[in-house]
Amino acid sequence: METPSNRRETNATVRCVSGTCKKCGAVMNVEIGELPVQEARRQLAARNGYECPGRHHELSPLLDGFRWDWTPFEMPAPPTDEEFLEQLRQAYPGRRIFNLGAPMPGVPHLTELRGLEHVGFGEFESADHVYVRHDSPRRSRRFYVQLPRAQ
Ligand SMILES: [Zn+2]
């Protein structure tokens, strides 16, 4: 089979189930890989506390917060953190981008900045800048784009 040249040839799709948040309607796709659905469900049932893709934090069981569709489906593999960072760099040319998560070579860590104020929902500001949050599609890191404060 031929691979179109404009597609990444690594991990074309991932197997997922999805849930719809009972509170805000956001859809969360959970990658389950090759796990049998019953086993995936058992592992998800063990998770208390989560952050909804709709950006609210809950302390309740993950399973209870969503209406689940347990029919697995294939979806395109989300971009890696490195690929997502490159997309951000193209979307915000010349802007500084910070990482909040496991260190990445060449990307300054948000915690290195002084004078940051948390303004809620994981957003930060300083006297001169706002830091716009972009969660990586794999939800493994948060990136922040530094923009000048509106006067
Ligand atoms: Zn929600």
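The values are calculated or read from the model by the stated rules, or taken from the named source; none is laboratory data. Just so it is clear, the model here is predicted, and its values are computed rather than measured. Cβ sites come from the backbone with ideal geometry, for glycine too, and all protein chains shown count toward neighbours.
Return the pair list, or none, for Cβ contacts closer than 9 Å from residues in region 45-59 that are of a type in the set (Asp, Glu) to residues that are in a loop (DSSP other than H, G, I, E, B) and near the ligand (Cβ under 8 Å from one of its atoms), at least 6 apart or on different chains.
If the second residue must be in a loop (DSSP other than H, G, I, E, B) and near the ligand (Cβ under 8 Å from one of its atoms), the pairs left are 58/23; 58/52.
Inside region 78-102, can you point out the residues that are crowded, with 16+ Cβ neighbours inside 10 Å, of a type outside the set (Phe, Trp, Tyr) and under 21 Å from residue 30 (Cα atoms)?
78, 80, 81, 101
For region 41-88, enumerate the residues that are within 16 Å of the ligand (Cβ to nearest atom) and of a type in the set (Ser, Thr, Tyr).
If the condition is that a residue be within 16 Å of the ligand (Cβ to nearest atom) and of a type in the set (Ser, Thr, Tyr), then 50, 60 are the ones that fit.
Just for region 135-147: of the residues that are within 15 Å of residue 108 (Cβ to Cβ) and in contact with a helix residue (DSSP H, G or I) (Cβ under 7 Å, 6 or more places away or on another chain), which one is surrounded by the most Cβ atoms within 10 Å (Cβ to Cβ)?
Residues of region 135-147 that are within 15 Å of residue 108 (Cβ to Cβ), as a first pass: 141-146.
After this cut, where a residue has to be in contact with a helix residue (DSSP H, G or I) (Cβ under 7 Å, 6 or more places away or on another chain) as well, the list is 141, 143-145.
Working: 141: 18, 143: 23, 144: 25, 145: 18.
The selected residue is 144.
When you check residue 108 against the structure, is it of a type outside the set (A, V, I, L, M, F, W, C), in contact (Cβ under 8 Å) with a residue 40 or more places away in the chain and touching a strand residue (DSSP E or B) at 6+ places or on another chain (Cβ under 8 Å), yes or no?
no
For region 35-91, which residues satisfy the criterion of being polar (S, T, N, Q) and either within 22 Å of residue 122 (Cβ to Cβ) or not assigned by TED's automatic domain parsing to the domain that holds residue 135 (or both)?
Hits for region 35-91 are 38, 43, 48, 60, 71, 80, 87.
With more than 10 Å from the ligand (Cβ to nearest atom), in contact (Cβ under 8 Å) with a residue 12 or more places away in the chain, touching a helix residue (DSSP H, G or I) at 6+ places or on another chain (Cβ under 7 Å) and not small (Gly, Ala, Ser) as the only criterion, which of 37, 17 stands out?
Criteria check complete, one pass: 17.
Where in region 28-147 are there strands (runs of 3 or more DSSP E), lying wholly inside it, with at least 3 residues that are closer than 20 Å to residue 15 by Cα and touching a Ser or Thr at 6+ places or on another chain (Cβ under 8 Å)?
Ranges flagged: 66-76.
Tell me whether region 103-112 contains one or more residues that are surrounded by 15 or more Cβ atoms within 10 Å (Cβ to Cβ) and under 19 Å from residue 150 (Cβ atoms).
No; the residues of region 103-112 include none that is surrounded by 15 or more Cβ atoms within 10 Å (Cβ to Cβ) and under 19 Å from residue 150 (Cβ atoms).
Collect the residues in region 21-30 that are touching a residue at least 40 places away in the same chain (Cβ under 8 Å) and within 9 Å of the ligand (Cβ to nearest atom), keeping them in residue-number order. Walk me through it before giving the result.
Let us first name the residues in region 21-30 that are touching a residue at least 40 places away in the same chain (Cβ under 8 Å), namely 21-23, 29.
Result: 21, 22, 23.
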